[in-house]
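Engineer: Encoded as structure tokens, here's the structure I'll be asking about.
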Amino acid sequence: MKKTIILSIVLLFVLLPVDAQCAMCRAVLENEEGQGAAKGINNGIVYLMSIPYILVFGLGYFIYRRYFRTKK
């Protein structure tokens with residue numbers, strides 16, 4: 001069980017390059033020189049996508065600690 005939790009935490013913090021744009025956003029932003037706005041859009045999408053996962057992980061951890069902690 002501890003290995004699963006440690007693996008989950010490690011995988012949570014592994015950074016991988018991700019292109020998270022939809023097809024329409026990609027088509028509009030590919031024409032721009034420098035690609036600064038495209039990188040900003042990608043970072044914003046990944047940021048917005050990560051928040052629900054962090055909240056669900058936090059809630060799961062809270063429930064796990066509440067129901068499976070050892071009685072002293």
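The values are calculated or read from the model by the stated rules, or taken from the named source; none is laboratory data. Because the structure is predicted, anything quoted here is derived from the model rather than measured. Counting neighbours? That spans all protein chains shown, and the Cβs are built from the backbone with ideal geometry, glycine included. The accessibility values were calculated without ligands, DNA or RNA, using every heavy atom of the protein model including side chains. Shrake-Rupley method; radii C 1.70, N 1.55, O 1.52, S 1.80 Å.
Engineer: Only one of (1) at pLDDT 70 or above; (2) loosely packed, with under 11 Cβ neighbours inside 10 Å is not met by residue 70, so which one is it?
Structural biologist: (1)
Engineer: Does at least one position in the range 19-40 carry a residue that is open to solvent by less than 70 Å² (accessible area, probe 1.4 Å), of a type in the set (Asp, Glu) and modelled with pLDDT under 75?
Structural biologist: yes
Engineer: Considering only residues that are surrounded by fewer than 11 Cβ atoms within 10 Å (Cβ to Cβ) and aliphatic (A, V, I, L, M), look in the range 41-67 and name the one that is nearest to residue 1 (Cα to Cα).
Structural biologist: 63
Engineer: Tell me, yes or no, whether the range 1-11 has at least one residue that is at pLDDT 80 or above, of a type in the set (S, T, N, Q) and either surrounded by 10 or more Cβ atoms within 10 Å (Cβ to Cβ) or not in a helix (DSSP H, G or I) (or both).
Structural biologist: So far as the range 1-11 goes, no, none of its residues is at pLDDT 80 or above, of a type in the set (S, T, N, Q) and either surrounded by 10 or more Cβ atoms within 10 Å (Cβ to Cβ) or not in a helix (DSSP H, G or I) (or both).
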